[in-house]
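The values are calculated or read from the model by the stated rules, or taken from the named source; none is laboratory data. Treat the numbers as computed from the prediction; the structure is a model and nothing was measured. Counting neighbours? That spans all protein chains shown, and the Cβs are built from the backbone with ideal geometry, glycine included. Accessible surface areas use protein heavy atoms only, side chains included; no ligands, DNA or RNA. Shrake-Rupley method; radii C 1.70, N 1.55, O 1.52, S 1.80 Å.
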Amino acid sequence: MTAISKPPSTPATGPRLPASSWALRALVGVAVVFLLQAAKPLLLPVLLAVALTFMLSAPVRGLRRLGMPEAAGAALVVAAALTVCVAVGAMLAQPAADWWERAPGTVRTLIDSAQRVRTAIWDTASPPAGRKSKASPAAAAAPAAQPDPIADKIASEGLSFTRVVLGQMLWFAVQAAATVILLYFLLASEHWLVSRTVEAVPRRRTRALVLGGIRQAQREIGLFLGTMSLINLGLGTLTALALAAIGLPNPVLWGVVTAIMNFVPYLGPAVVAGALLVAGSMSVGVDLGMLAPPAVFLVLHAIESNLATPWVMGRRLRLAPLSVFLSVMVWGWLWGIAGALIAVPLLLGLRIVCKRSKRLKLVCVYLEGDATPPPSLRALLRKRRPQSSA
(Lines give C-alpha, C1' and ligand atoms only; values in the text may rest on other atoms or scores of the structure.)
Protein backbone atom coordinates (compact mmCIF):
# COMPACT_ATOMS: atom_id res chain seq x y z
CA MET A 1 0.00 0.00 0.00
CA THR A 2 1.57 3.22 -1.12
CA ALA A 3 1.60 6.19 1.17
CA ILE A 4 0.06 9.36 -0.11
CA SER A 5 2.64 12.10 -0.21
CA LYS A 6 1.57 15.42 1.20
CA PRO A 7 2.71 18.67 -0.30
CA PRO A 8 5.40 20.47 1.67
CA SER A 9 3.94 22.77 4.25
CA THR A 10 4.65 26.45 3.86
CA PRO A 11 5.35 28.61 6.85
CA ALA A 12 2.31 30.43 8.11
CA THR A 13 2.39 34.12 7.50
CA GLY A 14 0.17 36.83 8.83
CA PRO A 15 -2.60 38.25 6.69
CA ARG A 16 -1.39 40.78 4.19
CA LEU A 17 -3.27 44.01 3.73
CA PRO A 18 -4.59 44.57 0.20
CA ALA A 19 -3.32 47.46 -1.87
CA SER A 20 -6.64 49.28 -1.45
CA SER A 21 -6.13 49.32 2.33
CA TRP A 22 -2.73 51.03 1.98
CA ALA A 23 -4.21 53.52 -0.47
CA LEU A 24 -7.00 54.26 2.00
CA ARG A 25 -4.46 54.84 4.77
CA ALA A 26 -2.50 57.21 2.53
CA LEU A 27 -5.67 59.17 1.77
CA VAL A 28 -6.51 59.33 5.49
CA GLY A 29 -3.00 60.65 6.20
CA VAL A 30 -3.34 63.37 3.56
CA ALA A 31 -6.77 64.29 4.94
CA VAL A 32 -5.35 64.55 8.47
CA VAL A 33 -2.58 66.89 7.26
CA PHE A 34 -5.06 69.22 5.56
CA LEU A 35 -7.37 69.00 8.58
CA LEU A 36 -4.53 70.10 10.85
CA GLN A 37 -3.76 73.00 8.56
CA ALA A 38 -7.41 74.09 8.44
CA ALA A 39 -7.94 73.63 12.19
CA LYS A 40 -5.00 75.85 13.18
CA PRO A 41 -7.15 78.55 14.87
CA LEU A 42 -8.68 75.87 17.12
CA LEU A 43 -5.86 73.42 17.76
CA LEU A 44 -2.95 75.84 18.16
CA PRO A 45 -4.19 77.48 21.41
CA VAL A 46 -5.08 74.05 22.79
CA LEU A 47 -1.63 72.54 22.14
CA LEU A 48 0.17 75.65 23.40
CA ALA A 49 -1.91 75.62 26.59
CA VAL A 50 -1.27 71.90 27.12
CA ALA A 51 2.48 72.32 26.64
CA LEU A 52 2.56 75.24 29.08
CA THR A 53 0.46 73.21 31.53
CA PHE A 54 3.11 70.50 31.59
CA MET A 55 5.70 73.13 32.52
CA LEU A 56 3.63 75.14 35.03
CA SER A 57 1.69 72.32 36.72
CA ALA A 58 4.54 71.59 39.15
CA PRO A 59 4.32 75.03 40.87
CA VAL A 60 0.52 74.69 41.12
CA ARG A 61 0.86 71.24 42.72
CA GLY A 62 3.44 72.67 45.12
CA LEU A 63 1.07 75.45 46.15
CA ARG A 64 -1.72 72.88 46.59
CA ARG A 65 0.46 70.86 48.95
CA LEU A 66 1.00 74.06 50.96
CA GLY A 67 -2.77 74.41 51.41
CA MET A 68 -3.65 76.84 48.60
CA PRO A 69 -6.63 75.83 46.42
CA GLU A 70 -5.83 74.84 42.86
CA ALA A 71 -7.88 77.71 41.41
CA ALA A 72 -5.99 80.29 43.46
CA GLY A 73 -2.61 78.66 42.73
CA ALA A 74 -3.34 78.56 38.99
CA ALA A 75 -4.40 82.22 39.05
CA LEU A 76 -1.20 83.18 40.88
CA VAL A 77 1.07 81.27 38.47
CA VAL A 78 -0.69 82.60 35.35
CA ALA A 79 -0.64 86.17 36.72
CA ALA A 80 3.08 85.94 37.44
CA ALA A 81 3.82 84.63 33.94
CA LEU A 82 1.69 87.36 32.35
CA THR A 83 3.39 90.05 34.44
CA VAL A 84 6.82 88.97 33.24
CA CYS A 85 5.70 88.82 29.60
CA VAL A 86 4.01 92.24 29.72
CA ALA A 87 7.01 93.83 31.44
CA VAL A 88 9.45 92.45 28.86
CA GLY A 89 7.15 93.47 25.99
CA ALA A 90 6.76 97.01 27.30
CA MET A 91 10.52 97.35 27.72
CA LEU A 92 11.23 96.18 24.17
CA ALA A 93 8.33 97.80 22.30
CA GLN A 94 10.06 101.07 21.42
CA PRO A 95 13.44 99.59 20.34
CA ALA A 96 11.66 96.98 18.25
CA ALA A 97 9.50 99.64 16.57
CA ASP A 98 12.56 101.78 15.78
CA TRP A 99 14.44 98.84 14.30
CA TRP A 100 11.43 97.73 12.28
CA GLU A 101 11.07 101.23 10.83
CA ARG A 102 14.70 101.34 9.70
CA ALA A 103 14.94 97.73 8.51
CA PRO A 104 13.48 98.14 4.95
CA GLY A 105 15.95 100.89 4.05
CA THR A 106 18.83 98.80 5.39
CA VAL A 107 17.73 95.74 3.43
CA ARG A 108 17.55 97.90 0.32
CA THR A 109 21.10 99.15 0.98
CA LEU A 110 22.32 95.57 1.31
CA ILE A 111 20.62 94.63 -1.95
CA ASP A 112 22.21 97.61 -3.71
CA SER A 113 25.63 96.67 -2.32
CA ALA A 114 25.22 93.10 -3.51
CA GLN A 115 24.16 94.41 -6.90
CA ARG A 116 27.27 96.61 -7.11
CA VAL A 117 29.50 93.68 -6.17
CA ARG A 118 27.84 91.53 -8.80
CA THR A 119 28.24 94.28 -11.42
CA ALA A 120 31.92 94.69 -10.53
CA ILE A 121 32.53 90.96 -10.86
CA TRP A 122 30.67 90.90 -14.17
CA ASP A 123 32.69 93.86 -15.50
CA THR A 124 35.90 92.14 -14.45
CA ALA A 125 34.91 88.97 -16.27
CA SER A 126 33.72 90.89 -19.37
CA PRO A 127 35.93 91.43 -22.52
CA PRO A 128 38.57 94.17 -22.43
CA ALA A 129 37.47 97.77 -22.55
CA GLY A 130 39.21 98.41 -25.89
CA ARG A 131 36.68 96.30 -27.72
CA LYS A 132 33.76 98.28 -26.29
CA SER A 133 32.49 101.59 -27.48
CA LYS A 134 33.67 104.35 -25.14
CA ALA A 135 30.93 106.46 -23.59
CA SER A 136 31.26 110.19 -23.05
CA PRO A 137 32.23 111.44 -19.55
CA ALA A 138 28.96 113.34 -19.27
CA ALA A 139 26.94 110.20 -19.96
CA ALA A 140 28.99 108.26 -17.43
CA ALA A 141 28.55 110.98 -14.81
CA ALA A 142 24.78 111.24 -15.26
CA PRO A 143 23.28 107.76 -15.55
CA ALA A 144 19.66 107.41 -16.47
CA ALA A 145 17.31 107.34 -13.50
CA GLN A 146 15.85 103.90 -12.96
CA PRO A 147 12.48 103.43 -11.31
CA ASP A 148 12.50 101.70 -7.93
CA PRO A 149 10.03 98.79 -8.10
CA ILE A 150 10.21 98.18 -4.36
CA ALA A 151 9.31 101.77 -3.51
CA ASP A 152 6.50 101.79 -6.10
CA LYS A 153 5.09 98.55 -4.74
CA ILE A 154 5.22 99.78 -1.13
CA ALA A 155 3.55 103.06 -2.13
CA SER A 156 0.79 101.35 -4.11
CA GLU A 157 0.06 98.61 -1.59
CA GLY A 158 0.64 100.48 1.67
CA LEU A 159 -3.03 100.37 2.64
CA SER A 160 -3.32 96.65 1.92
CA PHE A 161 -0.19 95.96 3.95
CA THR A 162 -1.59 97.96 6.88
CA ARG A 163 -4.80 95.96 6.76
CA VAL A 164 -2.87 92.69 6.75
CA VAL A 165 -0.76 93.79 9.73
CA LEU A 166 -3.81 94.89 11.71
CA GLY A 167 -5.58 91.63 10.89
CA GLN A 168 -2.58 89.59 12.04
CA MET A 169 -2.33 91.60 15.25
CA LEU A 170 -6.02 91.05 15.99
CA TRP A 171 -5.69 87.32 15.27
CA PHE A 172 -2.65 87.12 17.55
CA ALA A 173 -4.50 88.91 20.36
CA VAL A 174 -7.48 86.55 20.12
CA GLN A 175 -5.24 83.45 20.02
CA ALA A 176 -3.15 84.68 22.96
CA ALA A 177 -6.25 85.40 25.05
CA ALA A 178 -7.69 81.97 24.26
CA THR A 179 -4.39 80.32 25.19
CA VAL A 180 -4.16 82.16 28.53
CA ILE A 181 -7.76 81.37 29.50
CA LEU A 182 -7.41 77.71 28.55
CA LEU A 183 -4.08 77.53 30.41
CA TYR A 184 -5.74 78.77 33.58
CA PHE A 185 -8.55 76.21 33.39
CA LEU A 186 -6.11 73.37 32.68
CA LEU A 187 -3.92 74.33 35.63
CA ALA A 188 -6.91 74.78 37.94
CA SER A 189 -8.40 71.38 37.04
CA GLU A 190 -5.27 69.37 36.26
CA HIS A 191 -5.71 66.94 39.18
CA TRP A 192 -9.42 66.48 38.41
CA LEU A 193 -8.78 65.86 34.70
CA VAL A 194 -6.09 63.24 35.36
CA SER A 195 -8.21 61.45 37.96
CA ARG A 196 -11.30 61.33 35.73
CA THR A 197 -9.27 60.17 32.74
CA VAL A 198 -7.72 57.29 34.69
CA GLU A 199 -11.10 56.43 36.23
CA ALA A 200 -12.68 56.11 32.77
CA VAL A 201 -10.29 53.29 31.82
CA PRO A 202 -11.87 49.92 32.74
CA ARG A 203 -8.82 47.66 33.14
CA ARG A 204 -6.47 48.18 36.05
CA ARG A 205 -3.32 47.46 34.04
CA THR A 206 -4.37 49.92 31.35
CA ARG A 207 -5.05 52.49 34.06
CA ALA A 208 -1.50 52.16 35.30
CA LEU A 209 -0.22 52.45 31.72
CA VAL A 210 -2.26 55.60 31.03
CA LEU A 211 -1.32 57.24 34.33
CA GLY A 212 2.36 56.39 33.82
CA GLY A 213 2.24 57.89 30.31
CA ILE A 214 0.62 61.10 31.55
CA ARG A 215 3.13 61.54 34.36
CA GLN A 216 6.04 60.74 32.05
CA ALA A 217 4.79 63.32 29.53
CA GLN A 218 4.48 65.89 32.31
CA ARG A 219 8.01 65.17 33.52
CA GLU A 220 9.76 65.05 30.16
CA ILE A 221 7.94 67.90 28.39
CA GLY A 222 8.00 70.05 31.52
CA LEU A 223 11.68 69.28 32.06
CA PHE A 224 12.47 70.08 28.43
CA LEU A 225 10.61 73.40 28.43
CA GLY A 226 11.98 74.44 31.82
CA THR A 227 15.56 73.45 31.01
CA MET A 228 15.46 75.05 27.58
CA SER A 229 14.03 78.23 29.12
CA LEU A 230 16.99 78.46 31.50
CA ILE A 231 19.51 77.65 28.74
CA ASN A 232 17.98 80.17 26.34
CA LEU A 233 17.85 82.79 29.08
CA GLY A 234 21.56 82.30 29.64
CA LEU A 235 22.28 82.40 25.91
CA GLY A 236 20.21 85.56 25.48
CA THR A 237 21.95 87.24 28.42
CA LEU A 238 25.43 86.39 27.11
CA THR A 239 24.44 87.50 23.60
CA ALA A 240 23.16 90.84 24.93
CA LEU A 241 26.35 91.41 26.91
CA ALA A 242 28.56 90.51 23.95
CA LEU A 243 26.61 92.75 21.57
CA ALA A 244 26.77 95.62 24.07
CA ALA A 245 30.54 95.12 24.31
CA ILE A 246 30.99 95.52 20.53
CA GLY A 247 28.71 98.58 20.48
CA LEU A 248 25.55 97.26 18.77
CA PRO A 249 22.47 99.37 19.65
CA ASN A 250 19.57 97.77 21.58
CA PRO A 251 21.46 94.71 22.87
CA VAL A 252 18.61 93.77 25.25
CA LEU A 253 16.24 93.50 22.29
CA TRP A 254 18.57 91.09 20.52
CA GLY A 255 19.09 89.09 23.69
CA VAL A 256 15.34 88.54 24.03
CA VAL A 257 14.99 87.68 20.33
CA THR A 258 17.83 85.16 20.71
CA ALA A 259 16.24 83.57 23.79
CA ILE A 260 12.87 83.16 22.03
CA MET A 261 14.09 82.01 18.62
CA ASN A 262 16.47 79.46 20.13
CA PHE A 263 13.40 77.37 21.01
CA VAL A 264 13.18 76.59 17.28
CA PRO A 265 16.04 74.18 16.50
CA TYR A 266 18.23 74.89 13.47
CA LEU A 267 15.95 77.47 11.83
CA GLY A 268 15.71 79.86 14.80
CA PRO A 269 19.47 80.52 15.08
CA ALA A 270 19.66 81.02 11.30
CA VAL A 271 16.94 83.70 11.49
CA VAL A 272 18.72 85.40 14.41
CA ALA A 273 22.03 85.42 12.52
CA GLY A 274 20.37 87.01 9.48
CA ALA A 275 18.64 89.64 11.61
CA LEU A 276 21.92 90.46 13.38
CA LEU A 277 23.58 90.87 9.99
CA VAL A 278 20.96 93.48 9.08
CA ALA A 279 21.38 95.14 12.50
CA GLY A 280 25.14 95.25 12.04
CA SER A 281 24.79 96.92 8.67
CA MET A 282 22.39 99.45 10.23
CA SER A 283 24.95 100.23 12.92
CA VAL A 284 28.29 100.39 11.05
CA GLY A 285 27.19 100.44 7.40
CA VAL A 286 27.97 97.96 4.65
CA ASP A 287 31.43 97.00 5.81
CA LEU A 288 33.26 94.03 7.28
CA GLY A 289 32.30 95.31 10.72
CA MET A 290 28.67 94.29 10.09
CA LEU A 291 29.78 90.65 10.33
CA ALA A 292 30.76 91.05 13.99
CA PRO A 293 27.25 90.71 15.57
CA PRO A 294 26.29 87.48 13.75
CA ALA A 295 29.80 86.07 14.32
CA VAL A 296 29.55 86.70 18.07
CA PHE A 297 26.13 85.07 18.21
CA LEU A 298 27.20 82.03 16.17
CA VAL A 299 30.18 81.43 18.47
CA LEU A 300 27.97 81.56 21.57
CA HIS A 301 25.34 79.37 19.91
CA ALA A 302 27.98 76.79 18.94
CA ILE A 303 29.14 76.58 22.56
CA GLU A 304 25.54 76.27 23.78
CA SER A 305 24.44 73.63 21.28
CA ASN A 306 27.56 71.48 21.44
CA LEU A 307 28.52 71.71 25.11
CA ALA A 308 25.88 73.22 27.40
CA THR A 309 22.67 71.67 26.04
CA PRO A 310 23.97 68.07 25.67
CA TRP A 311 25.51 68.21 29.15
CA VAL A 312 22.36 69.60 30.81
CA MET A 313 19.79 67.58 28.87
CA GLY A 314 21.63 64.31 29.15
CA ARG A 315 20.46 61.11 27.53
CA ARG A 316 16.94 61.22 28.94
CA LEU A 317 15.70 63.90 26.54
CA ARG A 318 17.91 63.01 23.59
CA LEU A 319 16.20 62.94 20.21
CA ALA A 320 17.49 62.08 16.76
CA PRO A 321 18.55 65.27 14.92
CA LEU A 322 16.81 64.11 11.73
CA SER A 323 13.48 63.62 13.51
CA VAL A 324 13.80 67.01 15.23
CA PHE A 325 14.53 68.80 11.95
CA LEU A 326 11.65 67.06 10.16
CA SER A 327 9.29 67.88 13.02
CA VAL A 328 10.27 71.55 12.89
CA MET A 329 9.80 71.62 9.11
CA VAL A 330 6.39 69.91 9.19
CA TRP A 331 4.88 71.90 12.05
CA GLY A 332 6.44 75.13 10.79
CA TRP A 333 4.84 74.50 7.40
CA LEU A 334 1.49 73.74 9.00
CA TRP A 335 1.29 76.44 11.67
CA GLY A 336 4.16 78.86 11.06
CA ILE A 337 6.48 80.05 13.82
CA ALA A 338 4.09 78.87 16.56
CA GLY A 339 4.13 75.36 15.12
CA ALA A 340 7.92 75.38 14.99
CA LEU A 341 8.02 76.41 18.67
CA ILE A 342 5.96 73.39 19.79
CA ALA A 343 7.53 70.91 17.34
CA VAL A 344 9.96 69.40 19.86
CA PRO A 345 7.40 69.04 22.72
CA LEU A 346 5.05 67.29 20.28
CA LEU A 347 7.91 65.00 19.24
CA LEU A 348 8.58 64.14 22.90
CA GLY A 349 4.90 63.29 23.36
CA LEU A 350 4.98 61.07 20.26
CA ARG A 351 8.04 59.27 21.60
CA ILE A 352 6.27 58.56 24.90
CA VAL A 353 3.30 57.08 23.02
CA CYS A 354 5.61 54.95 20.85
CA LYS A 355 7.43 53.60 23.92
CA ARG A 356 4.17 52.31 25.38
CA SER A 357 2.82 50.71 22.21
CA LYS A 358 4.20 47.46 20.80
CA ARG A 359 3.14 48.37 17.27
CA LEU A 360 5.11 51.63 17.36
CA LYS A 361 8.40 50.34 18.74
CA LEU A 362 10.05 50.73 15.32
CA VAL A 363 8.98 54.39 15.14
CA CYS A 364 10.52 54.95 18.57
CA VAL A 365 13.87 53.70 17.26
CA TYR A 366 13.97 56.49 14.67
CA LEU A 367 12.84 59.13 17.15
CA GLU A 368 15.40 58.44 19.87
CA GLY A 369 18.96 59.59 19.57
CA ASP A 370 21.43 56.77 20.23
CA ALA A 371 25.08 57.52 20.89
CA THR A 372 26.19 53.91 20.24
CA PRO A 373 27.22 53.28 16.61
CA PRO A 374 24.98 50.84 14.68
CA PRO A 375 26.37 47.50 13.46
CA SER A 376 27.81 47.31 9.98
CA LEU A 377 25.66 46.19 7.08
CA ARG A 378 28.04 43.27 6.43
CA ALA A 379 27.50 42.03 9.99
CA LEU A 380 23.73 42.34 9.61
CA LEU A 381 23.73 40.36 6.33
CA ARG A 382 26.13 37.68 7.55
CA LYS A 383 24.50 34.29 8.08
CA ARG A 384 24.59 32.80 11.52
CA ARG A 385 26.48 29.56 11.72
CA PRO A 386 24.63 26.69 13.38
CA GLN A 387 26.01 25.87 16.80
CA SER A 388 27.64 22.45 17.00
CA SER A 389 26.23 20.12 19.63
CA ALA A 390 28.61 19.19 22.39
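Computed 3J(HN,Hα) for segment 199-213, one whole-Hz value per residue from the Karplus formula 6.51 cos²θ - 1.76 cosθ + 1.60 where θ = phi - 60°, is 5, 6, 7, x, 7, 5, 5, 5, 4, 4, 5, 5, 5, x, x, glycine and proline marked x. Set the Förster distance to 30 Å, then compute FRET efficiency between residue 307 and residue 260 from the Cβ-Cβ distance, nearest 0.05. Efficiency at R0 = 30 Å is approximately 0.90. For residue 252, the solvent-accessible surface with a 1.4 Å probe is about 80 Å², rounded to the nearest 10.
Among 199, 220, 101, the order of accessible area from largest down is 101, 199, 220, computed with a 1.4 Å probe on protein heavy atoms. Solvent-accessible area assigned to carbon and sulfur over segment 293-335 amounts to 75 percent, based on a 1.4 Å probe. For segment 57-100, the Cα gyration tensor yields ellipsoid semi-axes of 34, 7, 6 Å (square root of five times each eigenvalue, largest first, whole Å). Taking only the C-alpha atoms of segment 307-380, the Rg (one decimal) and the largest Cα-Cα distance, Dmax (whole number), read 14.1, 44 Å. For segment 259-309, the per residue solvent-accessible surface stands at 45 Å², with DNA, RNA and ligands left out and a 1.4 Å probe. Residue separation of residue 173 and residue 80 scaled by 0.36 nm, minus their Cα-Cα distance, works out to 31.6 nm of gained length.
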